[in-house]
Amino acid sequence: MDDLVKSTSGLWLPRQHAQMTKPVVFWINRKRDFIMNPPGPDCIPPTGYERIECRHAHEADAWSARLRAQEKRIHEMTVEERYVFEDAIRFDMLEELKKQLAEAPNPQSKMFLTAAIEHFTQRRDAARPAHQAIESHMGFEAEEGVAS
């Protein structure tokens, strides 16, 4: 047991830097301070994201700890704070789709991207908290049942 050390995630790791056969990959958007796991290790990160490839167990453990800290931070946010945080990420994704639409090489791609932008915009509007979607004070009172 002298050659093993317990990591922050509770795993027992070799004292030396053990190289893994398959890398663990993370994507990070430094502008938004957002880390995510890609669907697969070979996927190309979207615009604005940097690919982090962990070949050693201690690197993967460090990035996993950062991801857990992010999840804890997001979990502790209020509804409004979480909406603002996630909406900034949604905004970046929507801008990327619009950029791809402008550069689309054929009509099928344009049609697909137009439908994707419309769907994404609808989902973005649906994610808005109910009190932010209301346009007037009277509408808010009516929804609350306060207005006479």
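Miscellaneous remarks
- Taking first residues from region 74-88 that are open to solvent by 40 Å² or more (accessible area, probe 1.4 Å) and partners that are assigned to a loop (DSSP other than H, G, I, E, B), the Cβ contacts under 6 Å between residues at least 6 apart in sequence or on separate chains come to V79/P129.
- Within region 92-115, being of a type in the set (A, V, I, L, M, F, W, C) and either without any contact (Cβ under 8 Å) to a residue 40 or more places away in the chain or in contact with a strand residue (DSSP E or B) (Cβ under 8 Å, 6 or more places away or on another chain) (or both) holds for L94, L97, L101, A102, A104, M111, F112, L113, A115.
- Counting only strands (runs of 3 or more DSSP E) wholly contained in region 1-68, the ones carrying 1 or more residues that are surrounded by fewer than 14 Cβ atoms within 10 Å (Cβ to Cβ) and modelled with pLDDT of 90 or more occupy 50-56.
- Considering M36, M111, the condition of being among the hydrophobic types (A, V, I, L, M, F, W, C) and more than 23 Å from A127 (Cβ to Cβ) is satisfied by M111 alone.
- Selection count, region 104-139, where residues are modelled with pLDDT under 70 and open to solvent by less than 80 Å² (accessible area, probe 1.4 Å): 6
- Residues within region 89-103 that are of a type in the set (K, R) and surrounded by 15 or more Cβ atoms within 10 Å (Cβ to Cβ), tallied: 1
The values are calculated or read from the model by the stated rules, or taken from the named source; none is laboratory data. Note that this is a predicted model, so its numbers are computed, not measured. Positions of Cβ are backbone-derived with ideal geometry, glycine not excepted, and every protein chain shown enters the neighbour counts. Surface areas here come from the heavy atoms of the whole protein model, side chains and all, with no ligands, DNA or RNA. Shrake-Rupley method; radii C 1.70, N 1.55, O 1.52, S 1.80 Å.
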